[in-house]
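Here's the structure, in structure tokens; my notes come after.
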Amino acid sequence: MTCHVASGWGFIFGSSKDVRCNFNPNSKMGEHYIGTISKFGVDIGYTDSAVIVWAVFAPSAGPKHGALEGDYAGATASVTAGVGVGANALVGGFDRSITLQPLSIEGNTGLNVAGGIGAISLKYVP
């Protein structure tokens with residue numbers, strides 16, 4: 001799943017930014033999601049828009065359309081000085097059975113440092 005994260009400021013106790021995501025499971029039509037990604041903990045600075053690529057692990061029977069909709073939470077850390085990198089490991093979705101793992105790849109620009117609890121809330125857009 002690939003998510004485009006809006007630019008914005010981080011505040012001392014966290015941040016919240018809009019996301020637009022596309023999920024393209026093997027040999028199936030793509031799915032679209034909108035939502036927010038939040039950080040709770042230290043998040044100081046400004047980042048331009050970012051792209052996060054997630055590895056999605058779901059039940060072996062295969063998720064139905066819209067199954068990634070829901071709330072996810074886990075640990076997060078990132079640092080940006082010009083170009084940045086970050087790591088997130090989040091669990092949630094349908095019956096808390098979907099994992100966005102093991103790490104995301106985050107590409108952003110700006111000046112920011114963040115660490116703490118990460119959360120993402122996704123809504124399926126048919």
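Only the coordinates and a few stated rules stand behind these numbers; no lab work does. Since we're looking at a predicted model, the values are computed, not measured. Glycine gets a Cβ as well: all are built from the backbone with ideal geometry, and neighbour counts include every protein chain shown.
A few remarks follow.
- Under 5 Å between amide hydrogens, built in the peptide plane, is the criterion, and for residue 51 it picks out 5, 107 among residues at least 5 positions away or on other chains.
- Extension gain for the segment residue 75 to residue 7, taken as residue separation times 0.36 nm less the Cα-Cα distance, is 22.4 nm to one decimal.
- Approximate spin-label separation residue 18-residue 91, in nm, with each point projected 7 Å along Cα-to-Cβ: 3.2
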